Amino acid sequence: MAFPERFSNLPDYAFPRLRKLLDAHAPGGAPIAMTIGEPRHAMPDFVGRVLAANLSGFAIYPPNDGTPELLAAISGWIARRYGVTLAEDRLMVLNGTREGLFNACIALCPETKAGQTPVVLMPNPFYQVYAVAALAVGAEPVYVPATAATGFLPDYGSLPKDVLDRVALAYICSPANPQGAVASKEYLADLLALAEKHDFKVLADECYSEIWREAPPPGLLQVAAQQGADPERALAF
């Protein structure tokens with residue numbers, strides 16, 4: 001079967017590649033699964049009871065926009081967590097962040113930027129869906145090192161102006177996977193200012209926002225609201 005050329009250079013998915021690397025090495029002891037990130041703890045007791053009490057609802061399609069109760073719960077959590085008031089029409093219900101991170105690029109990345117191929121910025125290492133989304137829309141993915149030298153976060157501001165002027169979207173993951181680095185309010189404010197200067201949108205992958213020890217990580221929407229940034233430039237997943 002012939003596939004469209006735009007998909008010919010998509011990388012293999014990370015977990016099969018990792019499996020191939022590990023298959024050649026016999027474990028020296030009991031293996032510890034460190035691949036796909038499946039939960040290892042039992043669900044809280046109340047979850048099973050709530051699911052069982054609502055089984056009849058699984059026989060119908062929910063509204064595409066989400067039920068009013070769900071949207072109100074999400075909006076309320078964002079207000080409590082980040083101090084940001086979001087109208088329910090600013091929310092989109094997803095089947096996990098991967099769906100949104102991919103589809104946002106499909107929906108928001110233009111065919112050209114400054115008359116050239118648009119650029120999508122992403123940290124390196126990165127969640128593979130960032131690169132796949134960029135390649136799927138014909139954009140140029142630019143992998144920006146997130147190493148100890150930059151605090152394990154990408155220094156997008158260090159890129160040449162001609163690259164920044166072509167940026168349509170920039171992915172950021174905080175807390176970062178796999179490094180665990182947390183973007184400070186200052187970092188996020190600088191990123192939003194850079195987005196304003198070069199006219200691009202920031203897609204914040206915050207799926208690890210509730211894994212922390214001392215203080216909850218700041219969020220992109222929180223910083224955008226505090227500095228009065230254009231809300232159309234800040235998307236959080």
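The values are calculated or read from the model by the stated rules, or taken from the named source; none is laboratory data. From a predicted model like this one, the values you see are computed outputs, not experimental measurements. Please note: Cβ atoms are built from the backbone with ideal geometry, for glycine as well, and neighbour counts cover all protein chains shown.
When segment 219-237 is filtered for residues that are of a type in the set (S, T, N, Q) and either assigned to a helix (DSSP H, G or I) or not assigned by TED's automatic domain parsing to the domain that holds residue 184 (or both), the ones remaining, listed by number, are 222, 226.
Residue by residue, here is whether (1) farther than 19 Å from residue 143 by Cα; (2) in contact with a His (Cβ under 9 Å, 6 or more places away or on another chain); (3) surrounded by fewer than 14 Cβ atoms within 10 Å (Cβ to Cβ) holds:
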residue	(1), (2), (3)
78	yes, no, no
84	yes, no, no
95	yes, no, yes
106	no, no, yes
113	no, no, no
118	no, no, no
123	no, no, no
129	no, no, no
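Note on segment 114-144: residues that are under 15 Å from residue 167 (Cα atoms), outside any helix (DSSP H, G or I) and not charged (D, E, K, R) total 17.
Give the residue, chosen from 86, 70, that is part of a loop (DSSP other than H, G, I, E, B), under 21 Å from residue 221 (Cβ atoms), at pLDDT below 95 and not assigned by TED's automatic domain parsing to the domain that holds residue 195. Criteria check complete, one pass: 86. Just give me the residues in segment 148-168 being surrounded by 15 or more Cβ atoms within 10 Å (Cβ to Cβ) and either in a loop (DSSP other than H, G, I, E, B) or in contact with a Phe, Trp or Tyr (Cβ under 6 Å, 6 or more places away or on another chain) (or both), in sequence order. Within segment 148-168, 151, 152, 153, 154, 155, 159, 165, 166, 167, 168 meet the criteria.
Number of residues in segment 180-198 that are in a loop (DSSP other than H, G, I, E, B) and either in contact (Cβ under 8 Å) with a residue 40 or more places away in the chain or in contact with a helix residue (DSSP H, G or I) (Cβ under 6 Å, 6 or more places away or on another chain) (or both): the value is 0. Every listed requirement among (1) assigned to a helix (DSSP H, G or I); (2) exposed (fewer than 13 other Cβ atoms within 10 Å of the Cβ); (3) of a type outside the set (A, V, I, L, M, F, W, C) is met by residue 99 save one, (2). On the stretch given as segment 178-189, residues that are under 22 Å from residue 108 (Cβ atoms) and either among the β-branched types (Val, Ile, Thr) or within 14 Å of the chain's Cα centre (by Cα) (or both) total 1. Using the structure shown, decide if residue 111 is in the same structural domain as residue 171 (by TED's automatic domain parsing), acidic (Asp, Glu) and part of a loop (DSSP other than H, G, I, E, B). Answer is yes for this residue. Scanning segment 216-232 for residues that are within 21 Å of residue 118 (Cα to Cα), at pLDDT below 95 and touching a strand residue (DSSP E or B) at 6+ places or on another chain (Cβ under 9 Å) turns up at least one hit.
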